Amino acid sequence: MKTQSLLISCAALLFLNGCSHSSIDDKKKAMPRGDSPSRSAPSAQLTDKDIFGNETTLAVSEEDIQAALEGDGFRVPLHSPVILVQSGSRAPDAFMQQEMSKYYSVATFSGIPDRQKPVSCNRNSDEENSIVENMNWMQALRYVAAKGHQKAIIVYHDTLQAGRYHSASKSIVWSDYKNEKLTDGTSLRYLVRFSLIDVATGEWATWTPANGEFTILPPDAGGNQPADMTEQHLAELKQHAWASVVKDLVQRYQ
């Protein structure tokens, strides 16, 4: 009987410790440092819900649309402190950091979201459920940016694609590049989407620049085969693409 009472007391103590409420800074100190073996692997890419929260699924009225149109245009002045994020990567690409640093004061953040769901001890509380529902990856990152006095958060999704001419349809068929061997006549392009979020207000804007396409030259008249596309060639392609899209982005939002 004493053993049973002792077990109940221990269980109650553990429950109370797990449900204790603390400030955000206290919660950060209490978070585990390593990944739990029972946690499932997180999705590599950031989703629209990670970035925009519930705005893409809310009921929107005509008045809401008109109110949004009356707002000021989104701006990120030159030399503003920003957080740069590449979706699906622990750190943004080095070439992208280099180009962004020409126009902004850049800090970086991981683009791999933590899919661990927050635990609610009081499941019957409407207020608690509302907090859990509205908390998202971007809201947490805005808090980090606010503590660092950053002006904006810039998130980008990028995909390298290879295209091959399809004789039957007489068009280029595109697919994601997966390190396969590239032959002559293969076309390459980067698809990029930027999402910009104002740290202070939460207002956001999205922009997709026009993608440039590059074609590997076929053999010349002498029959000489072009060299295989090397990592150096891919790096040069990426550097050229990033320089172009960042310049366009700055001109659009400065």
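The values are calculated or read from the model by the stated rules, or taken from the named source; none is laboratory data. What you see is a predicted model, and the numbers here were worked out from it, not measured in a lab. In this analysis, Cβ positions are derived from the backbone assuming ideal geometry, glycine residues included, and neighbour counts consider all displayed protein chains.
Values as computed for the structure displayed
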| read-out | value |
| --- | --- |
| Near pairs, Cβ below 6 angstrom, 6+ apart or cross-chain, from the range 191-203 (among the basic types (Lys, Arg)) to any residue that is surrounded by 14 or more Cβ atoms within 10 Å (Cβ to Cβ) | Arg193/His157 |
| Ala145 being assigned to a helix (DSSP H, G or I) and modelled with pLDDT of 95 or more | yes |
| Qualifying position, being farther than 23 Å from Asp93 by Cβ and modelled with pLDDT under 90, among Gly223, Gly212 | Gly223 |
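Quick grid of which residues meet (1) in contact with a Phe, Trp or Tyr (Cβ under 9 Å, 6 or more places away or on another chain); (2) part of a helix (DSSP H, G or I); (3) surrounded by fewer than 21 Cβ atoms within 10 Å (Cβ to Cβ):
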site: Ala68; (1), (2), (3): no, yes, yes
site: Gly71; (1), (2), (3): no, no, yes
site: Phe74; (1), (2), (3): yes, no, yes
site: Leu78; (1), (2), (3): yes, no, yes
site: Leu84; (1), (2), (3): yes, no, no
site: Ala91; (1), (2), (3): yes, no, yes
site: Lys102; (1), (2), (3): no, no, yes
site: Thr108; (1), (2), (3): no, no, yes
site: Asp114; (1), (2), (3): yes, no, yes
